[in-house]
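Some notes on the structure that comes next.
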Amino acid sequence: MSADSTTEIQAEQAVVDHAYRRLEAMRAEARALAADVLEHGAGGTFANRIERDVRVEARGRRLADLQVGEAGLVFGRIDPHHGEKLYIGRLAVADEENEPLVVDWRAPAAEPFYRATARHDMGVARRRHLILRGRRVVGLDDELLGDRAADGDGAEDLVLVGEGALLAALDRSRTGRMGDIVATIQREQDEIIRAPLPGILVVQGGPGTGKTAVALHRAAYLLYTHRFPLERSGVLLVGPNRIFLRYIEAVLPALGEHSVTLATPATLVGTAVRGTDTPAVARVKGDPRMAAVITRAVADRGRGVPAEISVLLHGRRLVLSSEASWRIAGQARRRPGSHNSRRPLVERLIARHLHRQAPEEDEADLPSFEEVVLRQRSVREALERMWPVLTPEDLLHDLYGSPALIRSAAGKVLSEDEQRLLQRPRSSRAGEAPWTEPDLALLDEASVALGSPPVRNASGRRRPGDDPRRWEHQRVMADLPEMDAQMRRDVLRHLDQGEAEVTEDHLDPRSRTYGHILADEAQDLSPMQLRMLARRCPAGSMTLVGDLGQASGPWAPAAWDDVLAHLPVRRPPASTELSVNYRTPSEVMDMAARVLAAATPGLAPPASVRSAGLDPLITEAAADGPGLVDFVGAVAAAEHEAVGDGKVAVICPADLLDALRDVLPPVPEGAGVLDVDIALLAVDQAKGLEFDSVVLVEPAAIIAEGTPATGRRALYVAMTRTTRRLHIVHAQPLPPELAGVGARMSG
């Protein structure tokens, strides 16, 4: 390192140190303000206490926003042709005179750091990336732009922004958690991150293009740019599974954002998944025709009784005939509203029908008569048959367990074979049923048609003069500590504004809506899951990221229009593509491209920007050897040794998971699969993840788990999880796409 370089690094280190000192001063100020609120706001009226809680939470969010840990606070600098140089960092930091010391990466002033090129310099003469190790500056990566970029005319645009810093970041060993890319965002990524908020944006991106990171950084950018509407309405990011959410959970906090809700399609509903479906069953349950089936299934639960019922009151026999019960049910069906919201109407209509037959001394007191008659056992039983109060679980549990109910709800919509696929034995209780992930979108659909149960008071009955809101407010306040932060803010706002309806809907995850939704691996969402997302975003503001080449679910779309058909497209959707693969070495992508061509002809793989200098290795487990499972265990151990402190993934067909678990290091109690050095995953669990080395087991069996197209796409997913090494182990014959390719062969 030259003396000039050393001097430059020392100067930049002084700036970084100053920025950290100012950040700590800002945190100390926020802590002092929070302590002052707590000291002076402990008593007072209910409204005073609510205000105190909101202010404390606001200070807490400010403290969280200023927490960047050991992530690089300052990572870049732009030197304009005219004016002062600007330092770019994770969040804005001011000096002692309240002048900008560090510019937030999301601010308009920071845009040239990511967008400027040799041809279009955006007023920037030099862009500098600081290469950091923790808080220490260990190197500098400078790019000269504009007239200083190259001699002569016709200078080409730079292929990569901050190539040295980018490659240094890519070459680091994986940790089992995704890191942010804020210091190395590339131009095509930045254009997506800063795209306008309204409408739907579709981002097609092959493996390794950074589409997940782009979605996360877009969430942070949108909250920064549209803070007022989005912090109130909320931002939701949906990922494919819990492992994926664990993998990405540290990115947004490192960017100073803590208000984004992370969820899977399953956690949006809140019902525990206990079972699995075959691909054929999952395809039927994900079919958009199921919306009509659910609507009809709900309508079928409003009906008359087959025989008359009678009530003995004050010596008078009061009768509800079958004909009258069907007439009442029909009258209720014609009224607007959800199924459960119309239950009180059915109760009133039955009571009035019986009241007309009551002795004269009861005729003047209809409310008291209604309360008395609705407590009669025969009336309660009739109500449960005519118009039961149902949860979505009750509805679907009854439907699946009754061929007659399925036939009534689906007879004009689904074929007989499709109807049979929906059948399954009844459990003792709906809550104990083996709910599967495709069921959850149907439960969500049912929740809309059913609505919330009628509000009752503390005794379980609605008495004349009772205000149901009073009981609900008490329950809501008792539940406040258990709510997530965003939901708690919503409820406090409703209470503070004196809104009338503070009900179960404010606590139910099925009723939560958002100002913007980002969906990762969106190509694998079924139509019914897409309808579920659409209900949660009334404004129709969404970012969908995914890869048609990795669409391996039962509803793999042929084009993004197949996805958009199930979403609220309120304005022409925008679409873009990420074309550069930063993760997967070119040696692996050359092999994976053959699989992609067979699975999705016409879809080009992204271009890799780096080479590992090592071809993939293909090893056949010998028939006279230790057996495939033991052999994989030995290969995984060897790969772990080869990557040192890096991470290894063993990706295999689902039916080999249990056997391979016995030959790999166990996952310690309380740890997750991403916390161990060698992770064991099925293909659907590996989507979106990356590892230093991948041991890919039985590619032919992975293909066989799906259709010829979706199975090959699953294989493409598995092959492209690596950042350095790929070792394929097989006992079955290799698929033709892998036979005879340019790989190191071992046996």
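Laid out as a table, the results:
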{"quantity": "Packing-based ranking, highest mean first, of 178-190, 280-292, 320-332 given that Cβ atoms within 10 Å are counted", "calculated": "178-190, 280-292, 320-332"}
{"quantity": "Other-chain or far-sequence residues with amide H under 5 Å of residue 313's (modelled H)", "calculated": "318"}
{"quantity": "Sequence-separation-based contact order of segment 265-389, relative, with Cα cut under 8 Å and 6+ spacing, percent", "calculated": "27"}
{"quantity": "228, 631, reordered so the largest accessible area comes first (probe 1.4 Å)", "calculated": "228, 631"}
{"quantity": "Per-peptide average of other Cβ atoms within 10 Å, ordering 551-557, 202-208 highest first", "calculated": "202-208, 551-557"}
{"quantity": "Heavy-atom accessible area ranking, 1.4 Å probe, most first, across 314, 727, 226", "calculated": "314, 226, 727"}
{"quantity": "Per-selection metrics, segment 233-385 (Cα): Rg and Dmax in Å", "calculated": "24.5, 75"}
{"quantity": "Residue 384 - accessible surface, heavy atoms, 1.4 Å probe, Å² rounded to 10", "calculated": "100"}
{"quantity": "Rounded Å value of the spacing that divides the Cα centres of segment 530-566 and segment 657-684", "calculated": "31"}
{"quantity": "Debye log10 I(q)/I(0) at q = 0.17, 0.26, 0.27 Å⁻¹ for segment 69-129, Cα point scatterers", "calculated": "-0.55, -1.11, -1.16"}
{"quantity": "Sequence ranges 640-652, 210-222, 73-85, ranked by mean other-Cβ count within 10 angstrom, highest first", "calculated": "210-222, 640-652, 73-85"}
{"quantity": "Farthest positive-ward along segment 656-701 dipole, Cα basis, beta-carbon charges - from 701, 667, 685", "calculated": "701"}
{"quantity": "Nearby lysines by direct alpha-carbon distance to residue 211 (threshold 19 angstrom, same-chain neighbours under 8 apart not counted)", "calculated": "687"}
{"quantity": "Accessible area of residue 278 in the full protein assembly, 1.4 Å probe (Å², nearest 10)", "calculated": "80"}
{"quantity": "Heavy-atom accessible area order for 562, 398, 547, largest first, 1.4 Å probe", "calculated": "562, 398, 547"}
{"quantity": "Separation of alpha-carbon centers, segment 308-323 and segment 594-633, rounded to whole Å", "calculated": "75"}
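The values are calculated or read from the model by the stated rules, or taken from the named source; none is laboratory data. Note that this is a predicted model, so its numbers are computed, not measured. Heads up, the Cβs are rebuilt from the backbone with ideal geometry, glycines too, and the neighbour counts pull from every protein chain shown. In case anyone asks, the SASA skips ligands and DNA or RNA and just uses the protein heavy atoms, side chains included. Shrake-Rupley method; radii C 1.70, N 1.55, O 1.52, S 1.80 Å.
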